1. Take the residues in the stretch 43-66 that are under 17 Å from Pro78 (Cβ atoms) and touching a helix residue (DSSP H, G or I) at 6+ places or on another chain (Cβ under 8 Å); name whichever of them is surrounded by the fewest Cβ atoms within 10 Å (Cβ to Cβ).
2. Got at least one residue in the stretch 553-564 being in contact with a strand residue (DSSP E or B) (Cβ under 8 Å, 6 or more places away or on another chain), hydroxyl-bearing (Ser, Thr, Tyr) and over 19 Å from Arg592 (Cβ atoms)?
3. Can you tell me which residue within the stretch 73-83, out of those that are surrounded by 14 or more Cβ atoms within 10 Å (Cβ to Cβ) and farther than 12 Å from Phe26 by Cα, is nearest to the chain's Cα centre (by Cα)?
4. Among residues belonging to the stretch 541-570 that are touching a residue at least 12 places away in the same chain (Cβ under 8 Å) and small (Gly, Ala, Ser), point out the one that is surrounded by the fewest Cβ atoms within 10 Å (Cβ to Cβ).
5. Out of the stretch 272-326, which residues are on the phi > 0 side of the Ramachandran plot, exposed (fewer than 15 other Cβ atoms within 10 Å of the Cβ) and either part of a strand (DSSP E or B) or touching a Ser or Thr at 6+ places or on another chain (Cβ under 8 Å) (or both)?
6. Look at the stretch 367-415 and say how many of its residues are in contact with a Lys or Arg (Cβ under 6 Å, 6 or more places away or on another chain), in a strand (DSSP E or B) and under 30 Å from Asp429 (Cβ atoms).
7. Mind counting the residues in the stretch 639-676 that are closer than 30 Å to Asn610 by Cβ, of a type in the set (A, V, I, L, M, F, W, C) and surrounded by 15 or more Cβ atoms within 10 Å (Cβ to Cβ)?
8. How do the pairs read when you match residues in the stretch 322-336 that are within 15 Å of Gln382 (Cβ to Cβ) with residues anywhere that are among the acidic types (Asp, Glu), using Cβ under 8 Å and keeping only pairs 6 or more apart or on different chains?
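The values are calculated or read from the model by the stated rules, or taken from the named source; none is laboratory data. As the structure is a computational prediction, the values presented were derived from the model and not from experiment. Here Cβ is always computed from backbone atoms with ideal geometry, including for glycine, and neighbour counts include all displayed protein chains.
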Amino acid sequence: MLLVSVSINGQPQPDTYLVARRGDAFFVRIDDLTAWRLRLPSVDPISLDGERFAPLASVGGVAVAFDELQQSLKLIAPPAAFLANRVTAAQALPQPTDSAFAAFFNYNLSIDYVDKMRVGAFVETGMSDDWGVVSNSMLLGNGTVYGRATRLDSYYMRDDPVNLTRLVIGDSVTDARDWSRQVRFGGVRIGTEFALQPSLLTFPTPSLAGSAAVPSNVELLVNGTQRFQTDVDQGPFSINQVPLVTGAGEVTLVIRDPLGIERRVKSSYYVSSRLLRAGLSAWSAEAGAERRDYGLRSFRYADPFVAGTYRRGLTDWITIEGRAEASGDTQMAGGGITMVMVPFGEFSLAAASSHGVEGQGFLYRAAFARNGPTWNVAFSYQRASRDYREIGVERESERIVEQIQAAGGITFGRMGTAGLSYTSLTYADGQRAQVLSGNYSLSVRDRAFVSVYAIHSRFSETGRDTSLGFNLTVPFGPRSSAYLQAGTDGTRAEVRSTPPVSGGWGYRLANSTGNNGRQQAEAQWRGDVGEMTAQVDHAGGQTGMRVTGRGGLLIADGALFPTRQMESGFAVVRVPDQADVRVYQENRLVGRTNARGTAIIPDLRPYEVNRLSISAADIPIDVRMPEDQLLVVPRYRGAVNARFVAIQEHPGTIIVVMPDGKPVEAGSGVSSGAEKSFVGNEGEVFLQNLHAGMILTVDAAGGPCHVRLDALPDQVLPTIGPLPCVR
């Protein structure tokens, strides 16, 4: 039995290890083989002193060298002798921050004047907490069609991020596949919502594998751009859930050892976001009544129905789906399959059957698409019989019996991109619409963007029409740009500057000629409490004016705050008693605290990590901030408290002298309660928090002595003393 040091492929292991030796054969403990990630041999272990040992000779491909003088065991193992090291490139799924109860009110007011004044408004009220969101929205004013008030959407929504499900009771829209349509309805909807975990990769990505003889660094390049980097141990490894660009591409695995020697392994891939990973499923169930005349009437529901959708990834290259709908006069059921065939692209097929008062109907659809870094193409064909029915279609003019879509594009690098598309729609009432368009776009040294286009259309009701033209966009910094469009149907020129995100002014000037000739001038203002726009418009010999204002009110943490509109997640940022402190979201200035040290940040990304920080330069020198950055994960339309701790302190310097007037010896320790310091030159002692009546204990050369601070000057960073240190 020997106690030895061990190195594997030149890498010293952290401990010393007990091994057994019989002649030139060495035996090591099974637990040590596991710790070294070496594959366990297939032979039965032997028992020595109550522990299990295995012969190193039985571990495939391992060469052994023993240094008698150093008592060192050196192992040379090929990568295949190690267990695989699995690495995931997926981000950790964040859990939502505890919400605070909040009530919000969003408004969008509009006052128009041409020949008479018209006043309109969109308003929304709601409440949110960890239990979900309740919301109601309406249109108000004399701009509505029926009456002075029209209800839009009323709903209760509850999210379950752990199980990826969302429940909506009230107004909602149904799920839809490529071969079905969405329907606005009132009722109940529950089902999978992948947006509750935005970093979750729902579609399959290839698992990349390699091997390293020694611990190495692995870099992942996707189409030449770094997307992931990590360290791996010696032996084989695999990287799962790689963040690849969808479509066709090339991935390069760069393996770099400690000496800087690197190996590159290239491979092609094809990733489609239309697929689900093997074993992953998504579903939706809906029940209610169709919503009619949305935006015109508050309560018009008809044709109760039930419907459901289910999708599942059978393998990493096949996903199946199905949907069924049933109402009083229509029943429909169908299914589809989507496949990826590397490197060709993705194929999908779907078919459905319906039964209604008109009889039996059928639908089928076929599609192909391939997206690549240099070119892409897509084609789909859908056909429905005259008797095919589905919920949500009331008139023959809305029902499409044949649909053809084709598109393609190519990239010429710095020479720009070109694209071509064609769409043909045939309706059940015999009407037909066809549109053929082409475009070419070019970026001129990042200083201008130019595109030329041609559009040819043919409609049964209006006949043929062809338009040619070009667009030119010239940016002037991050917020300003000029735009020019010229074509056979007229010209349009525009200069605009958008207001800063943190608040300020913007403008827009526009002039159009041709069929839609008009002149417009607009001024915009954005502040912490909302946005306003004033516009003058001249067209057709008439001049009109419009003033709009949009913003919101928020009740959170027991206080009322005016703010911008709240449409996603929002945070109540508090820096107690610190006014005019700059607040940043992802290093982008988004607001300042008010006189009470509060700021409302209304545009946080739901269910994602949002980084909020404050400017330390705006904090007084006598205020200590343990941290100037917080990470929050709000729910959808939920409020989170982002409270920064601000500790008011009174730092200053005390000059301490002995009773004979000489400064206390430099380096002497000083303590006052929990705070500790030391004496500097000339008896100076700096303390972080001074207060009247505090007593300092000084560990002077002749023994401890004490200093009492009776009064505190009303100034920042005072220098007090000299004060005697008495025993």
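1. Gly61
2. No, because not a single residue in the stretch 553-564 is in contact with a strand residue (DSSP E or B) (Cβ under 8 Å, 6 or more places away or on another chain), hydroxyl-bearing (Ser, Thr, Tyr) and over 19 Å from Arg592 (Cβ atoms).
3. It comes out as Leu83.
4. Ala559
5. Gly295 - this is the single residue of the stretch 272-326 that is on the phi > 0 side of the Ramachandran plot, exposed (fewer than 15 other Cβ atoms within 10 Å of the Cβ) and either part of a strand (DSSP E or B) or touching a Ser or Thr at 6+ places or on another chain (Cβ under 8 Å) (or both).
6. Number of matching residues: 2.
7. Adding up the residues that qualify gives 5.
8. If the second residue must be among the acidic types (Asp, Glu), the pairs left are Arg323/Asp175; Met332/Glu325; Met332/Glu390; Gly335/Glu321; Gly336/Asp178; Gly336/Glu321.
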